[in-house]
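The values are calculated or read from the model by the stated rules, or taken from the named source; none is laboratory data. Keep in mind that what you see is a predicted model, and the values were worked out from it rather than measured. With ideal geometry, Cβ positions are generated from the backbone for all residues, glycine too; neighbour counts draw on all protein chains shown. Side chains included, ligands, DNA and RNA excluded: accessible areas come from the protein's heavy atoms. Shrake-Rupley method; radii C 1.70, N 1.55, O 1.52, S 1.80 Å.
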Amino acid sequence: AQQTPRNLFGFKDGTRNLKAEDGDELDRHVWVQPADGPAWLAGGTYLVARRIAMHIEIWDRTSLAEQEAIIGRTKAEGAPLGATGEFDTADFAAVGADGEPRIPETAHIRLASAESLGGVRILRRGYNFVDGTDGLGRLDAGLFFISYQRDAHRQFVPVQRQLGRADILNE
């Protein structure tokens, strides 16, 4: 059974990731196809790596309710807001009693979802790192993010543009 790891913010990271055993989805989103370009690249993939700083001290002072709204999932179970299980489908159309979207428009899972990106998906892996402190006593910590995709310009770039525009997690 594949278990979803937790990042340094304490949230499960990669719940809706492509699964290694889903060959059709990997062919569609990860592996370069013969018609995509040079013959030598067929069956390969494009890798993007990023080192993302995470401000742990600030996050730890943020209320649980605000953390969950920023991510769009419950911290304990990893369920999409309004659901009960980690692998339940996120209902992006659901509204709360206040008439606001149950999963906020700026929530990370909404913005990074294939539903918000016209079906774009990537295979991603996140690895936590802690490299001591920064000289002022703050943790030098974060996520080493690696993604694999069939076409970085049509997959990774649109995801990053969308996250860069509206993802409150960037704060």
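Points to keep in mind about this one:
- Boolean, Asp131 is in contact with a Gly (Cβ under 7 Å, 6 or more places away or on another chain) and either modelled with pLDDT under 95 or open to solvent by 50 Å² or more (accessible area, probe 1.4 Å) (or both): no
- Filtering region 148-164 to residues that are closer than 21 Å to Lys19 by Cβ and part of a helix (DSSP H, G or I) leaves Phe156, Val159.
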